[in-house]
Amino acid sequence: MALASSINGVDLINMWQHGRQFCPIHPLVNFRNLKIRRFERVIRAESQMTNPRPIVVKPEIDFNNPAWKKKFQEDFVKRFNLPHLRDVLDIQPRPTTFSLKSRGTLDVGNGAAREDWNGFVSDDDRALLKVIKFASPTSAGAESIDPDCSWVEQWVHRAGPRKQIYYEPREVKAAIVTCGGLCPGLNDVIRQIVLTLEKYGVKNIVGIPYGFRGFSDEGLSEVPLSRQVVQNINLTGGSFLGVSRGGPSTSDIVDNIQAKRIDMLFVLGGDGTHAGALAIHNECRMRKLKVSIVCVPKTIDNDILLMDKTFGFDTAVEEAQRAINSAYIEARSAYHGIGLVKLMGRSSGFIAMHASLSSGQIDICLIPEAPFKLEGPNGVLVHLEYLLKTKGNAVICVAEGAGQEYLKKSNITDASGNVVLSDIGVHVQQQIKRHFKDVGIPADVKYIDPTYMIRACRANASDAILCTVLGQNAVHGAFAGFSGITTGICNTHFVYFPVTEVIASTREIAAISKFRIPSVLLQVNGNNLSPRKPIYQGRKSFKGITRKDSTEQNSELRR
């Protein structure tokens, strides 16, 4: 009997290494391990703020059952159904106060409202989560639910303003909090949330200073927000409200929410912050409070599950170019120069990968998803020798979470519960110097770590637009009565997800089929940097990205 967890429609990460097969060419993940990974993240995040709640293991699917597809879709609909205030409260909607036609004619001349403006989103509107139908598991980047790659429609809720709302805007007190680390675009989101709330007619808007800490620290007061206050905050980086990690217990936060009479809480943060917001949402539901908890995903790592990208990522990649260009100039200008750049990316190497591909100057890119070897005939150090002999210089980009197996593990955690990583950039730098000293080849190594410069800069145009729409949709979601949700972009459409689904696991490069790297980038001197079986036959996995010199690239590229 062929069985697989119903969650595999959402997360198909590192399937080969977990080792379960339906057929010789179609390995699928051992979902027991995936569930452990998924719920470890939830428990770890909740343990900082509340007592862990019981975990319900989702049922498995029997693919021998002719009705499996229908059952899968029913389970998917249940999991992606958006939590609503109506679930625990007996409340009635009222017509919305939001209209983009406020400067135009709102009636037809006799006092009757116009009905021809189609600016609202129906609660029944959906967007497809997956848009590619794979014909075979051997297709490049194939990602499927069953061994036959059956097409199964998976619909998620479309974001946007509704005709009916569940709050009286004049009575609403809305609060905004920014948690975790800095990220380009935080001020853009804050600004747009405030402007959209005022568009609905909300007058009482406050900011919670320094993350969840602002709910408990008596020395921190609410920050009144209005159009006049936030009008120009998007012109600078950082967070107008300040950030911090960790915070008080969930119970204390909800007590504070009640005491402050907050009706809407907009939480800007990453997956750990999302898990904390989910705990707050659950506590509010348990107390039957009319409070909407709505998240906006914030991480330059771009590692939030199910979303095309998160705000701050484009800016981070663009800013990383400055460091890479500097490293390239240093390496090119020195005799046997080696430029080494460390970028952010604890568990996902999106910044390092995109920055490397877009720069065109990176010879070796090391990411957390791709095990690599420093020593040995196919190792990084030997390839550096080859690059110095053939090019005269080399540039390496490494993500902060890469190669942690080579470093002494730390039991120290930050306020968010994340393990403090050892510095892989310094380690690689030292190993390069040691190796070339041992082999008697001069090498001039220049190390650049632009981490905090990248986080603190102002959002670029692309991220500013994304922040604008995310901020608007967060407010629309709260007024629509949803809670325990986050807003994001999926297949170019703006949607709402239940927070429970986006914190299921970390989004990784190996699971994203649309990022297909040319095969020449996966090789070092004709050999894989770290040979590893692909997820499907015929698919290249990202196991140590390198770039050969231009002569070899021209002869080997086949695309």
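Taking each of 130/309; 173/288; 173/290; 391/433; 71/309; 71/130 in turn, the alpha-carbon distance tops 20 angstrom for 71/309. A crude spin-label estimate for the pair residue 125 and residue 251, with each label 7 Å from Cα along the Cβ direction, gives 4.2 nm. Full extension of the segment from residue 426 to residue 135, taken as 0.36 nm per residue of separation minus the current Cα-Cα distance, would add 100.2 nm. The listed residues 71, 437, 199 rank as 437, 71, 199 when sorted by accessible area, largest first, using a 1.4 Å probe. Placing dummy labels 7 Å off each Cα toward the beta-carbon, the span from residue 260 to residue 358 is 3.5 nm.
For residue 437, the aspartates and glutamates whose Cα falls under 14 Å of its own Cα, not counting residues fewer than eight places away in the same chain, are 385. For GluC sites (Glu not before Pro), the sites in the stretch 304-378 that DSSP calls loop and that have at most 12 other Cβ atoms within 10 Å are 375.
Considering every alpha-carbon pair of the stretch 316-382, the percent of pairs per 5 Å bin, from zero through the bin containing the longest distance, is 4, 17, 24, 24, 19, 11, 2. In the complete set of protein chains, residue-level accessible area for residue 167 is approximately 10 Å², probe 1.4 angstrom. Of the Cα atoms belonging to the stretch 173-286, the radius of gyration and Dmax stand at 13.3, 40 Å. Segment residue 89..residue 288, full-extension length gain: 71.0 nm, with 0.36 nm per residue of separation and the alpha-carbon distance subtracted. With a cut-off of 9 Å between beta carbons, the residues surrounding residue 451 carry a summed charge of 0, where Lys and Arg count +1 and Asp and Glu -1.
Residues within the reach of a label modelled at residue 163 (point 7 angstrom out along Cα to beta-carbon, backbone nitrogen below 17 Å), restricted to the stretch 70-95, are 93-95. Residue order by solvent-accessible surface for 451, 138 is 138, 451, largest first, with ligands and nucleic acids left out and a 1.4 Å probe.
Which percent of Cα-Cα pairs in the stretch 314-456 sits in each 5 Å bin, short to long? Result returned by the calculation: 2, 10, 20, 24, 20, 14, 7, 3, 1, 0. Beyond 29 Å in Cα-Cα separation lie the following of the pairs 199/298; 389/409; 408/446: 389/409. One chain, two ends: residue 65 and residue 170. Fully extended at 0.36 nm per residue, the span grows by 32.4 nm beyond their Cα-Cα distance. Heavy-atom accessible area, probed at 1.4 angstrom with all protein chains present, ranks 124, 308 as 124, 308, highest first.
The values are calculated or read from the model by the stated rules, or taken from the named source; none is laboratory data. The shown structure was predicted, so the numbers you read here are calculated from the model rather than taken from an experiment. Note that each Cβ is placed from the backbone with ideal geometry, even for glycine, and that neighbours are counted across all protein chains shown. In case anyone asks, the SASA skips ligands and DNA or RNA and just uses the protein heavy atoms, side chains included. Shrake-Rupley method; radii C 1.70, N 1.55, O 1.52, S 1.80 Å.
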